[in-house]
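First comes the structure, then the notes that go with it.
The values are calculated or read from the model by the stated rules, or taken from the named source; none is laboratory data. Remember, it's a predicted structure, so these values are computed and weren't measured experimentally. Quick reminder, even Gly has a Cβ in these numbers, built from the backbone with ideal geometry, and neighbours come from all protein chains shown.
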Amino acid sequence: MKLQRKHVLAAGVAVVAAATVAVGTGLGFADSAPSRQSVCAGSITFSAEAGAPAATSNQFPVGTRLRVTNLDNDKSAEVTVVGPSGSCVLLNATAMELVREPGKNVIRNNVVERIGAAAQPGAGQPGVIGDRPGSASPPAARPVAGSACQGAITFFEEDAGPAATSDRFPVGTRLRVTNLDNNRATTVTVTGPSGSCVLLNSAAMEQVREPGKNLVRNNIVEVLG
């Protein structure tokens with residue numbers, strides 16, 4: 001009789017627990033955190049630009065405010081878009097330091113959120129002239145027919161021979177990148193993914209950039225195989 005009473009009591013506890021979970025879920029207590037929608041897809045990396053936390057973008061106009069969160073460590077950085085690049089969002093070195101894990105130059109698991117309204121260039125928000133923060137709108141890169149990538153090209157810091165990362169070309173793809181402003185070219189192999197069509201490493205960038213410039217705006221990218 002005592003054994004039967006214990007079974008009845010255990011069953012009653014299980015029913016109450018199940019009901020509590022059901023009620024909690026119905027009221028929004030369970031799994032209540034909304035999923036966050038990212039305005040950019042793919043990995044995020046950075047350029048060697050110093051200064052206050054900022055970013056460049058091929059999607060958002062100068063003055064747009066973005067919040068970038070590294071989902072692997074829950075660190076976030078709020079940045080202002082200060083010019084164009086070949087990525088949806090390309091952080092500068094200061095912003096990257098706020099969110100990256102030690103020794104990692106790419107943030108694969110991330111959420112990018114747009115915060116506030118986009119300001120127009122020249123309305124009290126930073127713009128760029130050349131490749132430096134300023135007050136004028138940036139010159140647009142000229143679209144090049146036959147180029148495998150469109151938009152400005154920048155780079156990330158890496159202690160290695162000339163190479164690149166890409167969001168569309170598989171590892172092992174060989175590319176020739178030519179700076180049309182000085183006719184200097186570099187041949188690189190894609191070594192991993194990034195958020196850009198082509199993102200050069202520092203050694204490759206040194207082969208093609210003009211002194212003091214961290215962007216190659218007028219360029220052509222050719223696939224060699």
**OP:** Mind listing whichever residues of the range 181-200 are touching a strand residue (DSSP E or B) at 6+ places or on another chain (Cβ under 6 Å) and free of Cβ contacts under 8 Å to residues at least 60 places away in the same chain?
**Re:** ALA185, THR186, THR187, VAL188, THR189, VAL190, LEU200
Subject >> Residue check for SER202: modelled with pLDDT under 90, surrounded by 21 or more Cβ atoms within 10 Å (Cβ to Cβ), under 19 Å from the mean Cα position of the chain (by Cα) and not aliphatic (A, V, I, L, M) >> reply: no
**OP:** Could you name every one of the strands (runs of 3 or more DSSP E) located completely within the range 33-115 that has at least 2 residues being surrounded by fewer than 21 Cβ atoms within 10 Å (Cβ to Cβ) and touching a residue at least 40 places away in the same chain (Cβ under 8 Å)?
**Re:** 65-70, 110-115
Original post:
Within the range 174-185, which residues are of a type in the set (Ser, Thr, Tyr) and either buried (at least 21 other Cβ atoms within 10 Å of the Cβ) or in contact with a Ser or Thr (Cβ under 7 Å, 6 or more places away or on another chain) (or both)?
Top reply: none
Original post:
Just wondering, is there one or more residues in the range 124-140 that are at pLDDT 75 or above, outside any loop (DSSP other than H, G, I, E, B) and under 21 Å from the mean Cα position of the chain (by Cα)?
Top reply: no
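This table checks each residue for (1) over 24 Å from GLU49 (Cα atoms); (2) in contact with a helix residue (DSSP H, G or I) (Cβ under 7 Å, 6 or more places away or on another chain); (3) in the same structural domain as ARG217 (by TED's automatic domain parsing); (4) modelled with pLDDT of 90 or more.
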{"site": "CYS149", "(1), (2), (3), (4)": "no, no, no, no"}
{"site": "PRO162", "(1), (2), (3), (4)": "no, yes, yes, yes"}
{"site": "SER166", "(1), (2), (3), (4)": "no, no, yes, no"}
{"site": "PHE169", "(1), (2), (3), (4)": "yes, no, yes, yes"}
{"site": "ARG174", "(1), (2), (3), (4)": "yes, no, yes, yes"}
{"site": "ASN182", "(1), (2), (3), (4)": "no, no, yes, yes"}
{"site": "ALA185", "(1), (2), (3), (4)": "no, yes, yes, yes"}
Subject >> All positions within the range 144-202 that are more than 14 Å from ASN219 (Cα to Cα) and of a type in the set (Ser, Thr, Tyr) >> reply: THR165, SER166, THR173, THR189, THR191, SER194, SER196, SER202
